[in-house]
1. When the residues of the range B:342-391 are narrowed to those that are crowded, with 17+ Cβ neighbours inside 10 Å and among the hydroxyl-bearing types (S, T, Y), which ends up farthest from the other protein chains (Cβ to nearest Cβ)?
2. For B:Q79, all conditions in the list (1) assigned to a loop (DSSP other than H, G, I, E, B); (2) within 21 Å of the chain's Cα centre (by Cα) hold save one; what is the number of the exception?
3. Given the residues A:T174, A:T98, A:T182, which is the only one that is part of a helix (DSSP H, G or I), away from chain B (no Cβ under 14 Å), hydroxyl-bearing (S, T, Y) and without any contact (Cβ under 8 Å) to a residue 24 or more places away in the chain?
4. Among the numbered criteria (1) under 20 Å from A:A82 (Cβ atoms); (2) modelled with pLDDT of 95 or more; (3) buried (at least 22 other Cβ atoms within 10 Å of the Cβ), which one does A:A249 miss?
5. Consider A:W130 against the criteria (1) among the hydrophobic types (A, V, I, L, M, F, W, C); (2) more than 14 Å from every other protein chain (Cβ to nearest Cβ); (3) assigned to a helix (DSSP H, G or I): it satisfies all of them except one. Which criterion is unmet?
6. How about the range B:245-255: which of its residues are of a type outside the set (S, T, N, Q) and either at pLDDT 95 or above or out of contact with any strand residue (DSSP E or B) (no Cβ under 8 Å at 6 or more places or on another chain) (or both)?
7. Condition test on B:R258, is it surrounded by 19 or more Cβ atoms within 10 Å (Cβ to Cβ), in a helix (DSSP H, G or I) and within 14 Å of chain A (Cβ to nearest Cβ)?
8. Working only within the range A:43-79, note down all residues that are in contact (Cβ under 8 Å) with a residue 60 or more places away in the chain and part of a loop (DSSP other than H, G, I, E, B).
Amino acid sequence: MAAASPLLRQRRRAAVLFVLPMLLVLAAVAGWPLLRTIYFAFTDARLSTLETHRLVGLENFVALAADPDWWRAVRSTLLFTAISVALETVLGLVIALTLNAHLPGRGLLRAAVLVPWAIPTVVSAQMWNWMFNDLYGVLNAMFLALGLIDVPRAWTADPDLALFAVIAVDVWKTTPFMALLTLAALQLLPAELHEAARIDGASPLRVFWRITLPLIRPALMVAVVFRTLDALRVFDLPYVLTGNSRYTASMAVFARQRLVDFQDVGYGSAASTFLFLVIAVFTAITFTAGRVRLQGAGA
Amino acid sequence: MRAAFRLAVPLAVAFASVPLGVLVPRPAAAATVSIACGSVGIEFDLCRSGAEAWAKRTGNEVRVVSTPKESNEILALYQQLLSAKSGDIDVLRIDVVWPGLLAQHLVDLRTAVPKEVVDQHFAPIVQANTVGGRLVALPWFTDAGLLYYRKDLLEKYGRKVPATWQELTEAARSIQEAERKAGNGKMWGFVFQGRAYEGLTCNALEWVDSFGGGTIVDPSGKVTIDNPKAAEAIRLAASWVKTISPPGVLNYAEEEARGAFQSGSAVFMRNWPYAWALSQAEDSPVKGRVGVAPLPGGGAGGKHTGTLGGWQLAVNRYSKNVAAAVDLAVHLTGPAEQKRAAITASLNPTIPALYKDPEVLKAAPFIGELYDTFTNAVARPSRVTADRYNQVSSEFWNAVHDALSGRATPEASLKALDGKLRRLSRDGKW
């Protein structure tokens, strides 16, 4: 690298020039707001009087650490992320394996599976809200008819059920995304490997665990990472389904309530900053772990 | 009008992007004014027809914006719009507890509206809309929590209208049982607004105040909610859930409660005056069988109380049509429109003279009968808590909701609330 030829240096300069506009745009639309949020986290700014604020050091973060509602939001978000991503991955894999088999009408099935993913989240959340309703919801009617419950449940009002209602809608909505990514990986697999295994007399289960899964794992991991990052900053689903209820509020819902409803820009920014840190740390860990694994595979 | 226009010009000039037409000196000429109307009950239609009549008379155009159902959601919407100095909505319908929160974004109507127009309203409501000497909104209608009851059912079981919450609890239980035995399996005793939102703050303030438990934060700013009387009130309310009130009441706002009562599945209901007109509509299953009374007191010697509600019309300071917007607000809050609102939608006038109007009293008799309830309603602590009110209310309704749903005892819940409010208020300084 040290002894770069003039040509290489010139190409590098050209590359920088090409990348520069994008970096500038990113700095303006992502970097600047992010820095401003982090700055506000150390002030006592209020939304109505943004101009007049003073620095308060770590006060907001100290208050955040002592706020049970915040920790409840962190817990809800992590629980939501873990359960929904796990279910979506497993269900997505099952659907992808099914769609990958040579079934008649496969194209139609594939399109049909994508429908939940195509509906805007706010619309589908409101749709589910009506289905979850304790008085006229179709879900209660169905479960009562099947004998699964004996009294109608208030799915989104009951704090014990609400988080699972949110998770259920997310699984319904995002499984197709996982299925699609997994299917793409499955279709890239060379058919010879499976044929060879079958000739050797391996059971289908063994083929799946020993051949299919290891081969699609890199693609699957990318999908899981994407979904996890998405799930950690979830806002629309819990907000539309249960409002600001503190039993289902995610970290993003918590931050918005402080920022807008309570006008507490300092405190809300502290919450946003913490959320940003969680996601940044998670991303760093995944990338490092991914690199280690790749290097291990190469050796 | 003229004064308003004088105000409008510098404001309009302040906006670089203002269209030239606005600067042409023709007051309120063919402007498009947008107004945020309420969406509960028939208020939306009422507001739209009133605004359209004004548009026709003045040659302007109106655009009616519908807002979310829950008041705290509307407030969040306004706060976002106004913090961004957006003039998208010219006339804003604001709650009686918001003037302190929004004052800096609203036009001072004291200079824009003639004094005699302002003085025709109840002085305390005008006072509530005055922040730092600026009149930021015109009263449109006033509200207080009321007790709705089924006249026919009370008669059938030889009961009188309950004077205390304890009597209500007992009457609701026995009528509910008797009705269910008689085959009316869906009957419940009492419905109210139990969802964790501003409405629960109004309901719970009534319980607490009727027991003499204060108003959460007293006018001097001291947090007073952690007291035995408040706990007693909340404990009684918690005993209703799943006994005389359906479990779903924990997610009921105004319209859900009205739905249960109006479909004939509840003996008693706590609601605002608007529910009267709808319960007497042609298609209402309980038409002619509903009575209205002041809310019960908290035990012997307890006081009859109702939370002061009500809506005002304010003009957005960032509006590009301030003159026309002020004119629309004056039109809608004037005697003719208030009379129409009282008759068609049973919205309580803010103009004392209308309380003696025979047509109003014929359409909604309780407006005259409960005059004292409306003029002595208990106010939420929005003045002293100022721009922290939203957060105070949110902490309060969450604490009450925890007690109602049985996740905490009333005592523990109020104690925790007390601690939070003290921290929030920096020990009563706000």
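The values are calculated or read from the model by the stated rules, or taken from the named source; none is laboratory data. Model, not experiment: these values are computed from the prediction. In this analysis, Cβ positions are derived from the backbone assuming ideal geometry, glycine residues included, and neighbour counts consider all displayed protein chains.
1. B:Y355
2. (1)
3. A:T98
4. A:A249 satisfies all of (1) under 20 Å from A:A82 (Cβ atoms); (2) modelled with pLDDT of 95 or more; (3) buried (at least 22 other Cβ atoms within 10 Å of the Cβ) except (2).
5. Result: A:W130 fails condition (2) only.
6. Residues satisfying the conditions are B:G248, B:A253, B:E255.
7. The answer is yes for B:R258.
8. A:D44, A:A45, A:L47, A:S48, A:L50, A:H53, A:V56
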